[in-house]
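**Student:** Would you mind keeping the following structure in view while I ask a few things?
The values are calculated or read from the model by the stated rules, or taken from the named source; none is laboratory data. As the structure is a prediction and not an experimental result, all values here were calculated from the model. Cβ placement follows ideal geometry from the backbone for every residue including glycine, while neighbour counts extend to all protein chains displayed. When the accessible area is computed, the model is the full protein with side chains, heavy atoms only, and any ligands, DNA or RNA have been set aside. Shrake-Rupley method; radii C 1.70, N 1.55, O 1.52, S 1.80 Å.
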Amino acid sequence: MLLGAFSQVLASWSGERHFTLNLTVFNRLPLHPAVPALVGDFTSTVLLECDLTPTEPFTARVSRLQQQLFADLEHRALSGVRVQRELARLHGAARALRPVVFTSHLAGGLEAGDSFTPVLPVQVVYGLSQTPQVSLDHQVYEQGGSLIMQWDTRDGLYPPGLLDEMFAANVALLNALCSDPRIWAATQHALAPVPQAAPTPLTPPTHDPLTSSATLHSLFEDRARQQPTAAALKAGGRTLTYHELEQRSAALAATLEVQRAAVVAVVLERGWEGVVAVLGVLRAGGAYLPIDPDVPAERLKLLLETSGATTVLTHPRRAHPHLHDTLTRLLPASAHLLSIEDAFLPAAAPVLAHPVQPTDLAYVIYTSGSTGLPKGVMIDHRGAVNTVLDVNARYGVGAGDVVLGVSALTFDLSVYDVFGTLAAGATLVLPDHAGRRDPRHWLALVQAHGVTVWNSVPALLGLLLDVVPGSAVLARLRLILLSGDWIPLPLMSRVLRELPAARVVSLGGATEASIWSVLYEVQALDPHWSSIPYGQAMTHQQLYVLDASLNPTPDHVPGELMIGGVGLALGYWRDAERTAERFFTTRARVSGCTAQAIWRGGCRAARWNCWAGLTVR
């Protein structure tokens, strides 16, 4: 029973269910009649296989473990030390190590006639064992009618606090086995008690998405009423005020005839037209699907067919004849192709028969399809609103800020560029389509418009820094948001060195969770880091690191990273099979008795210091 409890704790903290324990055994063989009178250390070892089947009750597991041990003891003449030597000879010393030991001094383990009664009535005050190649020695014995359990460990091999958590879990499990008969019938993953500290919000929530009626476009409409003459958008050599952008998008919305939450394809180059298009679609009650106009015709056809969009917004034929002709050829006759003209007649916002709700679909963004056919991720207004308001409140993004939008509409970073900027009353600056990949063009815009907020994948910031003659050129950048890819430590070191006045934030998550779910503000680099910490969950979002049975892994133990909370997508557009595969509801211990919706992304991560952060392994 003690072996079973110890092996359960080891399985929980190592992330392994199949491993070998090193057991010490009393091996005083009766080779001579005088052997029982000998005094000495007759300790040997036996290597015990532990295979913890996930669905096996604890009673069955310890019974099987006992049978395995008895079978192994039949061969104890060939000691575990000799077995390790053979393993080292065949596979190398590293493969032969079995550094975790279980040592039992219980009387039941002694042979008949032996006695463990001390000769002198002594009390053990302090004890220590030190054995080469042993990192943890679990020792048990009886004293005064009590079970004594102690661990001798090698200092420096384990992170601070980890052994204390493991030991506490071992004691708690033994107490539970003594007090609750149901534990004996429990399966492996319901046994090890994992301390779950409640995550402390990085900043107090400033909004409640569960009670708010805000939508992405209503945030913009509020700002347009508050500051109609302020610059909302600068692109293509022109500036649109909040009032002008409101008028143009309202005119487009009045032109569109779409059902509530119907998908409208937006096939446009980045520029003012794209912003007008997505706002117009949302204000008409629809959901926008951005498609890169430069994609090959085959990909364009695939996206249009799989999306089922019957309305497509694009450039006028006179400006982009080839794109216009391609769309005309690919779309069915029943589809409606509408050009975003240079000017729309002023119009009031449309009166919708069914006003848009926060839980309505806001946009569909197709993933790259690197692992197969692209998936259309469905995000509702509530999830995206929660993310943009969280970032704006956390970092004080407001009317005095200028954001450079270097991400295409097909990349969900653009959702913050457009709607986060407009919700804050700030100004969005967009590169020309021809200069969308030119860092010199970005630099010119940064200088010309006094850009204060940069939001991109790390590589694009690296390109910008490569063309900057000096850090003073970027002195007005006060907030740098990096996400979408691994952040190289040398790049982060350079950013901190060359832009010391800027707040630098690493963000992560998935398209399936409303842009971002986790963040970590980098103020300095720890020389021991191999990567930037993944960070903490953002407001009203949850991150879990779970084992194969969807129970939490302890701190430091790698598991599968999963995301929950209001940012979770509605699923994959017109793909029920993959939605069921990746989105599910669990009643595992992550949420007590409350059902929790979770998205499984397939990434590996580990909790670090009880929600101080999540570090990807």
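**Student:** Under the rule of -39500 (n - 2.57) per DSSP H run of 4 or more residues, summed and divided by the residues of the chain, what mean residue ellipticity at 222 nm is obtained, to the nearest 500 deg cm²/dmol? All intermediate terms of the calculation are to be shown ahead of the outcome.
**Tutor:** Numbers: 16 runs with 178 residues, N = 617.
Value at 222 nm, helices only: -9000 deg cm²/dmol.
**Student:** A further question follows. When DSSP assigns beta bridges and you keep just the ones with both residues in the chain, what percent turn out antiparallel, to the nearest 5? Could the numbers behind the result be given before it?
**Tutor:** Numbers: 56 of 93 bridges.
Percent antiparallel among DSSP bridges in the chain is about 60.
**Student:** For Gln523 paired with Ala185, estimate the spin-label separation in nm (one decimal), with each label point 7 Å from Cα along the Cα-to-Cβ line.
**Tutor:** 5.3
**Student:** So, counting K/R as plus one and D/E as minus one, what does the shell of residues with Cβ under 9 Å around Tyr242 add up to? Before the final figure, lay out the partial values.
**Tutor:** On the way: positive: Arg223, Arg225; negative: Glu244, Glu246.
Cβ neighbours under 9 Å give a net charge of 0.
**Student:** Label region 460-567 by shape, choosing from rounded, prolate and oblate, from the square roots a ≥ b ≥ c of the eigenvalues of the Cα gyration tensor; if a/c is under 1.5 it is rounded, and otherwise prolate applies when a/b is larger than b/c, oblate when it is not.
**Tutor:** Details: a/c = 2.80, a/b = 1.98, b/c = 1.41.
Prolate, since a/c reaches 1.5 and a/b exceeds b/c.
**Student:** Roughly what angle does helix 2-14 make with the longest principal axis of the chain, taking Cα atoms, 0 to 90 degrees, to the nearest 10?
**Tutor:** The angle comes out near 30 degrees.
**Student:** Let me ask something additional. Ranking request for peptides 129-140, 391-402: highest mean number of other beta-carbon atoms within 10 Å first, then the rest in descending order. Spell out each step's value before the answer.
**Tutor:** Values: 129-140: 15.2, 391-402: 18.2.
For the peptides 129-140, 391-402, the packing ranking is 391-402, 129-140.
**Student:** Just grab the label-to-label distance for Glu581 and Ala475, each label 7 Å out from Cα along the Cβ direction, in nm (one decimal).
**Tutor:** Between Glu581 and Ala475, the simple spin-label model gives 5.4 nm.
**Student:** Mind checking which of Asn551, Gly286, Pro431 is farthest towards the positive end of the chain's charge dipole, using Cβ charges of +1 (Lys, Arg) and -1 (Asp, Glu) about the Cα centre?
**Tutor:** After comparing all options, I get Pro431.
**Student:** Also, quick follow-up: Counting Lys and Arg as +1 and Asp and Glu as -1, what is the net charge of the other residues whose Cβ lies under 14 Å from the Cβ of Arg329? Present the calculation step by step, with values, prior to reporting the outcome.
**Tutor:** Values: positive: Lys301, Arg317; negative: Glu298, Glu305, Asp325.
Summing Lys/Arg as +1 and Asp/Glu as -1 gives -1.
**Student:** Does region 511-563 come out rounded, prolate or oblate, given a ≥ b ≥ c as the square roots of the eigenvalues of its C-alpha gyration tensor, rounded meaning a/c under 1.5 and, failing that, prolate meaning a/b above b/c? Let's see the in-between values first.
**Tutor:** On the way: a/c = 2.52, a/b = 1.23, b/c = 2.05.
Verdict is oblate for region 511-563.
**Student:** Within a Cβ distance under 9 Å of Leu21, other residues only, what is the Lys/Arg minus Asp/Glu net charge? Walk me through the numbers before you get to the answer.
**Tutor:** Details: positive: Arg98; negative: Glu49.
Every neighbour counted, the sum reads 0.
**Student:** To the nearest 10 degrees, how steeply does helix 458-467 sit against the main Cα axis of the chain, on a 0 to 90 scale?
**Tutor:** 60
**Student:** If one computes the Cα centroid of region 1-40 and of region 236-313, what distance in Å separates the two points?
**Tutor:** When both Cα centres are located, 69 Å separates them.
**Student:** Follow-up question, since we're still on this one. Taking the Cα centre of the chain as origin, sum charge times position over the Cβ atoms of Lys and Arg (+1) and Asp and Glu (-1), and report the length of that vector in debye to the nearest 20.
**Tutor:** About 680 debye.
**Student:** Next question, about the same structure. If packing is taken as the average count of other Cβ atoms within 10 Å, what order do 144-155, 542-553 fall into, highest mean first? Walk me through the numbers before you get to the answer.
**Tutor:** Values: 144-155: 11.7, 542-553: 20.6.
Highest-to-lowest ranking by the protection proxy: 542-553, 144-155.
**Student:** Sticking with this one: Work out from phi, with θ = phi - 60° and the Karplus expression 6.51 cos²θ - 1.76 cosθ + 1.60, the ³J(HN,Hα) of each residue of region 548-554, listed in order in whole Hz, and give x for Gly and Pro.
**Tutor:** For region 548-554, the Karplus-derived couplings read 5, 9, 6, 10, x, 7, x Hz, x marking Gly and Pro.
**Student:** Let me ask you something else. With label points built 7 Å along Cα→Cβ from the Cα atoms of Arg85 and Glu341, find their separation and express it in nm.
**Tutor:** Each label point is offset 7 Å from its Cα along the Cβ direction, giving 9.3 nm.
**Student:** Moving on to the next point. Taking the highest mean first, how do the peptides 312-323, 32-43 order by number of other beta carbon atoms within 10 angstrom per residue? Before the final figure, lay out the partial values.
**Tutor:** Numbers: 312-323: 17.1, 32-43: 8.6.
Going by the mean number of other Cβ atoms within 10 Å, highest first, we get 312-323, 32-43.
**Student:** Could you check how much of the accessible area of region 351-428 is carbon and sulfur, as a whole percent, using a 1.4 Å probe?
**Tutor:** Values: 1240 of 2110 Å².
Heavy-atom surface of region 351-428 belonging to carbon and sulfur, 1.4 Å probe: 58 percent.
**Student:** Would you please give the FRET efficiency between Glu257 and Leu69, computed as 1/(1 + (r/R0)^6) with r the Cβ-Cβ distance and R0 = 56 Å, to the nearest 0.05? Don't skip to the answer; put the middle values down first.
**Tutor:** Working: r = 75 Å, r/R0 = 1.34.
It comes to 0.15.
**Student:** Ok, one more. If amide hydrogens are placed 1.01 Å from N in the peptide plane, which non-local residues have theirs closer than 5 Å to the one on Val457?
**Tutor:** Long-range HN contacts for Val457: Ser483.
**Student:** Towards the positive end of the charge dipole of the chain, with charges on Cβ (+1 Lys, Arg; -1 Asp, Glu), say which of Gln542, Ser471, Thr359 has the farthest Cα.
**Tutor:** Most positive-ward Cα: Ser471.
**Student:** Just to verify a number: FRET efficiency for Ala60 and Thr206, C-beta to C-beta distance, R0 = 51 Å, to 0.05? Mind showing how you got there, number by number?
**Tutor:** Details: r = 52 Å, r/R0 = 1.02.
Once rounded, the FRET efficiency stands at 0.50.
**Student:** OK, next. Report the residues of region 68-102 in range of a label on Asp51: point 7 Å along Cα→C-beta, backbone N strictly under 16 Å from it.
**Tutor:** Label zone hits: 68-72.
**Student:** If I stretch the segment between Thr153 and Arg604 completely, what's the gain in nm (0.36 nm per residue apart, minus their alpha carbon distance), one decimal? Working shown, then result.
**Tutor:** Details: separation 451, 0.36 × 451 = 162.36 nm, distance 2.79 nm.
Between Thr153 and Arg604, full extension yields an extra 159.6 nm.
**Student:** Using θ = phi - 60° and the Karplus curve 6.51 cos²θ - 1.76 cosθ + 1.60, what whole-Hz ³J(HN,Hα) does each residue of region 61-76 get, with Gly and Pro shown as x?
**Tutor:** Computed from phi, the couplings for region 61-76 are 5, 6, 5, 5, 5, 5, 5, 4, 5, 4, 5, 5, 5, 5, 10, 6 Hz.
**Student:** Further question: Where q = 0.05, 0.10, 0.12 Å⁻¹, what log10 of I(q)/I(0) comes from the Debye formula for the chain, counting one point per Cα?
**Tutor:** Calculated log10 I(q)/I(0) at the listed q: -0.33, -0.92, -1.17.
**Student:** A follow-up question, please. Assigning unit charges at the beta carbon (Lys, Arg +1; Asp, Glu -1) and nothing else, what dipole magnitude in debye, to the nearest 20, does region 243-308 show about its Cα centre?
**Tutor:** Numbers: 6 positive and 9 negative charges, 42 e Å.
The calculation lands at about 200 debye.
**Student:** Kindly write out, for region 252-268 in residue order, the coupling ³J(HN,Hα) from the Karplus curve 6.51 cos²θ - 1.76 cosθ + 1.60 (θ = phi - 60°), rounded to whole Hz, with x marking Gly and Pro.
**Tutor:** Residue by residue, region 252-268 yields 5, 4, 5, 6, 6, 10, 10, 6, 4, 6, 6, 7, 10, 6, 10, 10, 9 Hz.
**Student:** Hey, with R₀ at 51 Å, roughly what FRET efficiency would Ala459 and Leu163 work out to, going by the Cβ-Cβ distance, to 0.05? If you can, show how the numbers build up before the last one.
**Tutor:** Working: r = 41 Å, r/R0 = 0.80.
Efficiency, rounded to the nearest 0.05: 0.80.
**Student:** Subtract the Cα-Cα distance of Ser531 and Asp325 from 0.36 nm times their separation in residues, and report this length gain in nm to one decimal.
**Tutor:** Full extension from Ser531 to Asp325 adds 69.4 nm.
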